[in-house]
1. Helix 21-32 versus the longest principal axis of the chain: what is the Cα-based angle in degrees, 0 to 90, to the nearest 10?
2. Whole-Å semi-axes of the chain's equivalent ellipsoid, largest first, each the root of 5 times a Cα gyration tensor eigenvalue?
3. Got the relative contact order for the stretch 1-42 handy, in percent, Cα pairs under 8 Å and 6 or more residues apart?
4. Lys/Arg Cβ at +1, Asp/Glu Cβ at -1, dipole of the chain taken about the Cα centre: which of S22, G4, I36 is farthest positive-ward?
5. Run the helix sum for the chain: -39,500 (n - 2.57) per DSSP H stretch of 4+ residues, divided by residue count, reported at 222 nm to the nearest 500 deg cm²/dmol.
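Values in this text are rule-based calculations from the coordinates and carry no lab data. The shown structure was predicted, so the numbers you read here are calculated from the model rather than taken from an experiment. In this analysis, Cβ positions are derived from the backbone assuming ideal geometry, glycine residues included, and neighbour counts consider all displayed protein chains.
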Amino acid sequence: VRFGLHQIDFNDPDRKRIPRASAHWLARVMAARKLIPPEGNQLTEQD
């Protein structure tokens with residue numbers, strides 16, 4: 001199980017961070033200042 005809003009590439013020496021679907025959803029919630037249902041498919045363990 002993976003946690004967090006960003007996926008981290010531990011093979012990259014710079015530890016590149018890639019936002020997950022949950023990070024994009026949270027950004028929309030914060031911008032709208034209200035809860036918004038996720039678009040399309042439900043979030044999965046991989047997100």
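1. So the inclination is approximately 40 degrees.
2. For the chain, the semi-axes come out at 24, 13, 7 Å.
3. Once normalised by length, the contact order is 26 percent.
4. Towards the positive end, the residue furthest out is I36.
5. Rounded to the nearest 500, it is -8000 deg cm²/dmol.
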